[in-house]
Amino acid sequence: MAGTAGSIGTVGELGQSNDGVDAGNADNAIETPTLARQTVSHDSAARNLTIIGCGKVGKTLGRLFNVHRTFQLLDVLNRSHDSARAACAFMGAGNAIANYAALRNADIYLLAVSDDQIIACCTALAATGKLSARSIVFHCSGALSSLALSSASAQGASVASIHPIRSFADPQAVAGDFAGTYCGSEGDAAALAMLIPAFDTIGAHCVTIARENKTVYHAAAVFASNYLVTLIDVARQAYMEAGLPAEIALRLIEPLLSESAANAFRLGPATALTGPIARGDMETVKRQYDAVQSWNPDVATLYHAFEGLTLKLAQQKK
């Protein structure tokens, strides 16, 4: 694991969130997206960027920064030299290197590795002696703040985290429609003064949060994405318990979910709220709770938790 100075020369131990594209398919991955080229203010176009951990997130951002001439791509360090070369091909720029010792001095370092590797990779970067007060180091984790980059701060570097709030499952597609993506940003003022305008050039909308609020910020995304999927599955199971096939259950859920979400965004959550609690029909709520309790006590606990929160929301209705 790339966590100590003794291991900084081993690319195979580098952690990253997603593997680079297969080297054998690199030629199929370098089609340039149709994007308007822009130049960035604050003279960042004259700055160079090194990417450590160039998986799906890293190579997508690298490609966008290159296409928009935001930064000059310098070095790329990945799990393997082959995947680093493939990432460079996808981005259309950059120099694939084999280990930390081969890093050249860069103005900005992006650590696009998995969350559990950020501290270790930053420690390895700091151990190279390449960082100074002129350096900027940032990561794209939603869960961790820039405090994870403390080893870079100790070398005088300015640090930040910029978290794009979207999926990067298909880097080529994301590179084509990244404009409009919101990014949660926090960190040192000097780092943000460079990075926020840079992300502006690739179409992002950066919203600044306090460093100490990063964890609850990420929890909000988990509620809106991950737990929403869990809730859909709970509703699916309840319909199935009522005797409906799984595929029919999902068809029933889809319009309810879509219409409720659309109304919540259009009217606001309190005004959009419908159902027995919104009507004050607590007898129905009690019968439903008892039925769910008989079927699945764990789901009944969830139902009861939502009952309390929904009562508070209903009180906000005008």
When (1) closer than 15 Å to residue 202 by Cβ; (2) assigned to a loop (DSSP other than H, G, I, E, B) are applied to residue 132, the one that fails is (1)
Residues 172, 117: which one is touching a Pro at 6+ places or on another chain (Cβ under 8 Å) and either modelled with pLDDT of 95 or more or among the hydroxyl-bearing types (Ser, Thr, Tyr) (or both)?
172
I'm trying to understand the selection: among the residues of the range 268-308, which are outside any loop (DSSP other than H, G, I, E, B), of a type in the set (A, V, I, L, M) and either farther than 20 Å from residue 233 by Cα or not assigned by TED's automatic domain parsing to the domain that holds residue 233 (or both)?
270, 272, 277, 278, 282, 285
From the residues in the range 107-129 that are in a helix (DSSP H, G or I) and touching a strand residue (DSSP E or B) at 6+ places or on another chain (Cβ under 9 Å), which one is surrounded by the fewest Cβ atoms within 10 Å (Cβ to Cβ)?
115
Hey, residue 272 hits all of (1) on the phi < 0 side of the Ramachandran plot; (2) surrounded by 12 or more Cβ atoms within 10 Å (Cβ to Cβ); (3) free of Cβ contacts under 8 Å to residues at least 12 places away in the same chain but one; which does it fall short on?
(3)
Yes or no: the range 177-184 includes at least one residue that is aromatic (Phe, Trp, Tyr) and farther than 15 Å from residue 58 by Cα.
yes
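The values are calculated or read from the model by the stated rules, or taken from the named source; none is laboratory data. As the structure is a computational prediction, the values presented were derived from the model and not from experiment. For neighbour counting, all protein chains shown are included, and Cβ atoms are generated from backbone atoms with ideal geometry for every residue, glycine included.
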